[in-house]
Structure formats: C-alpha cells, structure tokens
Amino acid sequence: MNRLNCSVGLFLALLFLPALGQAGAGPHVPGTLKGIAFSNPDMITEKPIEWQQQPIRYRPQDAGVDVTLLLDQNIYPGLLPLVEEFAKTNNIKVSVREGTCGPAAEGVLRKEVDIGGSCCPAAKMDRLPGLRWHTVGISPMAILARASDPVDQLTSEQIRDIFRGKLTRWSQIPSVGDKLGKDALIRPITRLHCKTRPGHWRLILDNEEMFGPRINEVGTILDMVESVTKSQGSLGYLENWQLLNDPKHKNSVKAISVDGQSPMDPEGISSGRYPFYWVYNVSTWTTENTTNPKAQQLVRYLMDNAARIDPAHHLVPTAELKKNGWKFKDDELIGEP
C-alpha cells in the first residue's frame, strides 16, 4: 500500500513539475508565450533609512570628477559620443565605465555612481528609493542566422517554436528546408542573461523553463556570434549592434526579418510591428543627499539628442515612440503601443 502511494505521489510530482518550475519566473503575457515587457513603475524596493540617507560615495579612482556613469556594454557604444560631447561643451570631468546590467545595477545599489545604464527594463529590485529611470530609446534585438544559410525571414511564432523545441528541423519550414535539405537540424543558441528582468530575450519566451532541451546556451555576446557562425542551421539573437557591425563579423552572421519587418527599418521598430527589442535606460538620483544637477543635465542632453546617435545602432528615440503610442511615466518607457 505504501509503495502504491509513493508511486502515485511520484507520478503527480512529475506531472506538475514543468508548471512548478515556471511559477517563480514571473508572469507571461496572457494567451502568449512572451514575457512581460516592463515592470510596474510604482513598485519600489524598500530600503532601510540608513541606506536612504547615504550620499553618493565615489570610488577613489573617481575622485575629482563631476559625473560618474556605469553603463551596460550594449548601450555604452551608442551613448559614449554624446557623453563626451556634453563633457567637452560644458567643461566638466566625467568618468564612464562599461560593464553589464548586473555590475551597473550593483554600482547604483552601492551608491557609487551618479548615472547607471542598462539594456533591460527595470525590475522591481532596480526600483530603489530616490532613483528615477529615463528611457533614451529602444533598439531592435537581432535574430541571427549564419550569413551563408538561406534563412532571411521567419515569423515570431516560428522563432518561438524553434526556441521551445517544437520545430527541430528546417524541413518543418519549407522555405528554408527546401534549400538546406530535409535532414538539416535547427541549432538554437541562447544567452539567458538578466533572467529576473523583464523584456529583452524574454519577449521571445518568458523564462528559461520554456526553452527546449536542445538549446546551446552561451555566456557572452561574442560567444553568441561565433557559435552562430560556426554551425549550419543555427539561430540566435543579440542586442549588441556594435559587435554585429564589426567588419570581423559583419559577413559571417546576418539579422533576419521577423513578421515581415526588417530590424534595420526604424518605422517597423517604432510602430511595434517588429516584436523583439531592448531598451536604452539610464537612472539618476533625486533626493537631496544624492542628486547631482550636472548628472541630471547630462541625462536630459542624452534624451534630447538621441536622434543624433550613430544610425548603425538602430536606436529609435523616445520622441518617436511617443508619436506611435508607446506608454510612458514621466521619462520612463513602461508599456508597448
């Protein structure tokens, strides 16, 4: 009798294991496989009063500068020229470091920088007392294929089915399979960074539990490009256009169209018809003991001059997003059109 009960319990546990695995990853958009694009801007993480009263404490190597920035590696190349231009025009000293979203968020949490920057929309843990978020614009997330492969466009449904393991051979997509061969495998490659933040790759599938068992996960943006380059039939994704435009990689991988929309077409991005994108977000402090007027001026300069960012980064400025019905709270993008 006990053995029977144990068997029944094991069966039920295995039956509900996938659902349990996804429960902690956050809600996805009802009726779809995509995750939420933005978190609730009114949900602020609580911090002790001692932390709230703490001023900005710069690192020793930043002593004597007027504004310190720690920017994610994806937004750093696009924003750096404007930051340097502002500093030169206004005769101020800036310290600009390049990192990833994690270290950028840590630098803000430790209150060692005036401006943080990430390519992911803020999660609740990023919404700190006295911190304000500003959106400079959005940029398309490229769906990558090997340049020599006959994969030029897919639907968002096909892309989701590939990454969740429902489509495993290119013969299941005749427009490609007829050219690659009926036995050609689809090789999905992922980089599941910033799992707790909304948007970015989670617009494909909400959480890592939804990805199929045949994915090849890589750790860096360079690994992503090189992995797609090396294997016929690969499909990946990437936010970093600086790397994609590098002559060393430009002829080895390509960004394909999705739902008939090219990622290089700003109208498709601004209208929301191209479904995958990431966000140029920067943060500033607002309380009496943390605010830096020069940092506030610099962020305003970035937003006012976003249209002048190198077109090779494919950034769509906030002004264009507002014209197309994207939702904002103050300066922060918080909803799709």
Q. Taking segment 282-337 as the region of interest, how many residues are in contact (Cβ under 8 Å) with a residue 40 or more places away in the chain, of a type outside the set (A, V, I, L, M) and either closer than 18 Å to residue 78 by Cα or assigned to a helix (DSSP H, G or I) (or both)?
A. 13
Q | Subset of segment 232-244 (residues that are closer than 20 Å to residue 154 by Cβ and crowded, with 16+ Cβ neighbours inside 10 Å) | A | 233, 234, 235, 236, 237, 238, 239, 241, 244
Q: Select, from 206, 223, the only residue that is in contact (Cβ under 8 Å) with a residue 24 or more places away in the chain, surrounded by 19 or more Cβ atoms within 10 Å (Cβ to Cβ) and outside the structural domain of residue 281 (by TED's automatic domain parsing).
A: 206
Q.
Within segment 87-106, take every residue that is outside any helix (DSSP H, G or I) and under 17 Å from residue 302 (Cβ atoms) and give me the one that is farthest from the chain's Cα centre (by Cα).
A. 92
Q: Among the candidates 227, 175, single out the residue that is touching a strand residue (DSSP E or B) at 6+ places or on another chain (Cβ under 6 Å) and either among the small types (Gly, Ala, Ser) or more than 24 Å from residue 274 (Cα to Cα) (or both).
A: 227
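Among the residues of segment 156-199, which ones are part of a helix (DSSP H, G or I) and either under 18 Å from residue 237 (Cβ atoms) or among the β-branched types (Val, Ile, Thr) (or both)?
Quick first cut of segment 156-199, residues part of a helix (DSSP H, G or I) only: 156-163, 170-172, 174-180.
Selection gives 156, 157, 158, 159, 160, 161, 162, 163, 170, 176.
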**Q.** Sole exception among (1) at pLDDT below 95; (2) under 23 Å from the mean Cα position of the chain (by Cα); (3) surrounded by fewer than 21 Cβ atoms within 10 Å (Cβ to Cβ); (4) not polar (S, T, N, Q) for residue 177, by number
**A.** (2)
**Q.** Of residues in segment 102-155 being touching an Asp or Glu at 6+ places or on another chain (Cβ under 6 Å) and β-branched (Val, Ile, Thr), the one surrounded by the fewest Cβ atoms within 10 Å (Cβ to Cβ)
**A.** 155
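The values are calculated or read from the model by the stated rules, or taken from the named source; none is laboratory data. Since the structure is predicted, the reported quantities are computational estimates derived from the model, not experimental observations. Cβ coordinates were reconstructed from backbone atoms using ideal geometry, including for glycine residues, and neighbour counts include every protein chain displayed.
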